[in-house]
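Report on the structure given below.
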Amino acid sequence: MASLNFLSLNVPTTNGMLSTTLFYLVLVICPLFLYRYLSPRTLLASHPSPSSLTDMAGVRVSKILVHPIKSCRGISVQHSRYTPEGLDHDRKWCIIEAYDNVVITAREFPKMVLITPEIVLDPTSPHSGVLSVSFPKESGCEPFSLPLAPTQAILDGWKRIEKIMMFDVAMDAYISEALPSPPSRSPSVILSSYFGRQVYLVYKGPQPRTCDPTPTHPNLEAKAVFQDCFPLMVLSAESTTRVEEELRGHVGSQGIDERWSSESLGIERFRPNIVFQGAGPFAEDSWQEIRIGSMPDAPVISMVSKCTRCLLPNVSPDTGEKDPAVPFKTLMKFRRVDPHNKMKACLGCNGVPSSAGEVRVGDCVAARGFM
């Protein structure tokens, strides 16, 4: 059998030489083109300008939720600034065990969700306003107020803890103190009374906390504060509605109580930052990057991973009671959709802003989808 050696082709005519040259160009350039532009890694690592994202007609921001103290009640706001570390004032505080400095959450202490922060902005204040914190009346715990954005002078007066632990991540923090004219007890003492154990209320220290890379973003460079993993979590309202519909079909099985035949799943259970309306169920699963707002220079927010779900959404934000099955068991039935995390259910996506920006309820959304 004769072998074909492209390097030894002998083409005597001009047309033949042109054809051979074109053949070589196609042979070399096509694979390079396919690798450069169709490679998943290239698609996921690229950062188009905001103007290259596609506007999605009818898709709007319907809700913005800020959670100043990790695992405590969220606050619905009409607008918020954000940075690459997340929404302003979101998860800047957390509560830790006094004996080992480990962060506690509503996974272990469901009644944390009944602690209610309130943001009171004051542009004339050196610390931008106050964070007022209140408790259920039956707790007997008095409210207190904190500086919303503590100045360095304030922080210098607070005790610094060099190492607190959240999951397996070490961070620094300050033990927060109340504003002048404080209650008779410190915030940490009041919270200790609420939990029946000694705890500290702490504010994130200056040491940056680096986010882990993801399978789709192996070279991710992102920072966060006390969020579980990433700066932002986004979720479509229709996604929650679809979970609710699925839930109805399993009432009476696997410990799913009859009350779920009519009771609604509030989106607050899932603790998103930005909620969208008009995209359809699970639309965010296919978004690679989004831009929020009509400004052509609005920052790009990269969707770096799907948000895996634990038992925290089983805790009712209204009662502080943990359901034994809902919505976790329902999600496990039909939302194990992440090929990199096949044993975990997902709902919503984690986002990393490229720079500082602002989001408002009613803002339009542009996106670039996965190929």
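The values are calculated or read from the model by the stated rules, or taken from the named source; none is laboratory data. Please read these numbers as outputs of a predicted model, since none were measured by experiment. Every residue, glycine as well, gets a Cβ built from its backbone with ideal geometry; the counts of neighbours run over all protein chains shown.
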Assuming SER294 fulfils every condition listed in (1) in contact with a helix residue (DSSP H, G or I) (Cβ under 7 Å, 6 or more places away or on another chain); (2) farther than 14 Å from PRO327 by Cα; (3) of a type in the set (Ser, Thr, Tyr) apart from one, which condition is it? (1)
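One line per residue, one yes/no per condition, for (1) modelled with pLDDT of 95 or more; (2) aliphatic (A, V, I, L, M); (3) part of a helix (DSSP H, G or I):
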residue: ALA106; (1), (2), (3): yes, yes, no
residue: VAL113; (1), (2), (3): yes, yes, yes
residue: VAL130; (1), (2), (3): yes, yes, no
residue: CYS141; (1), (2), (3): yes, no, no
Before we move on, is ALA149 modelled with pLDDT of 95 or more, assigned to a helix (DSSP H, G or I) and of a type in the set (Gly, Ala, Ser)? no
Say we look at the range 152-185 and pick out the residues that are among the basic types (Lys, Arg) and modelled with pLDDT of 95 or more; which of these is farthest from ASP122 (Cα to Cα)? LYS163
Out of all the residues in the range 96-116, is one or more among the charged types (D, E, K, R), free of Cβ contacts under 8 Å to residues at least 24 places away in the same chain and closer than 29 Å to PRO299 by Cβ? no
For the structure I just gave you, tell me whether PRO313 is in contact (Cβ under 8 Å) with a residue 60 or more places away in the chain and not aliphatic (A, V, I, L, M). no
Odd one out for PHE135, checked against (1) in contact with a helix residue (DSSP H, G or I) (Cβ under 8 Å, 6 or more places away or on another chain); (2) free of Cβ contacts under 8 Å to residues at least 40 places away in the same chain: (2)
When restricted to ARG360, ARG335, the only residue at pLDDT 95 or above, surrounded by 19 or more Cβ atoms within 10 Å (Cβ to Cβ) and among the charged types (D, E, K, R) is ARG335
Of (1) at pLDDT below 95; (2) surrounded by 14 or more Cβ atoms within 10 Å (Cβ to Cβ); (3) polar (S, T, N, Q), SER39 satisfies all except one. Which? (2)
Count of residues meeting criterion [of a type in the set (Asp, Glu) and assigned to a strand (DSSP E or B)] in the range 152-171: 1
Could you figure out which of (1) in a strand (DSSP E or B); (2) in contact with a Leu (Cβ under 8 Å, 6 or more places away or on another chain); (3) among the charged types (D, E, K, R) isn't true of GLU358? (2)
Of all the residues that make up the range 60-104, how many are within 19 Å of PHE230 (Cα to Cα), of a type in the set (Ser, Thr, Tyr) and in a strand (DSSP E or B)? 3
Failed criterion for ILE164 (all others in (1) surrounded by 18 or more Cβ atoms within 10 Å (Cβ to Cβ); (2) more than 27 Å from the chain's Cα centre (by Cα) hold): (2)
Candidate set: the range 226-263, residues that are more than 24 Å from GLN277 (Cβ to Cβ) and among the polar types (S, T, N, Q); chosen: the one surrounded by the fewest Cβ atoms within 10 Å (Cβ to Cβ): SER253
When ALA173 is run through (1) surrounded by fewer than 20 Cβ atoms within 10 Å (Cβ to Cβ); (2) within 26 Å of the chain's Cα centre (by Cα), the failure sits at (1)
Which of the following residues is touching a residue at least 24 places away in the same chain (Cβ under 8 Å), among the polar types (S, T, N, Q) and closer than 21 Å to VAL337 by Cα: GLN288, GLN227, GLN277? GLN288
Looking at this structure, is GLN152 under 27 Å from the mean Cα position of the chain (by Cα) and free of Cβ contacts under 8 Å to residues at least 60 places away in the same chain? no
When PRO213 is run through (1) without any contact (Cβ under 8 Å) to a residue 40 or more places away in the chain; (2) within 25 Å of GLY320 (Cβ to Cβ); (3) not polar (S, T, N, Q), the failure sits at (2)
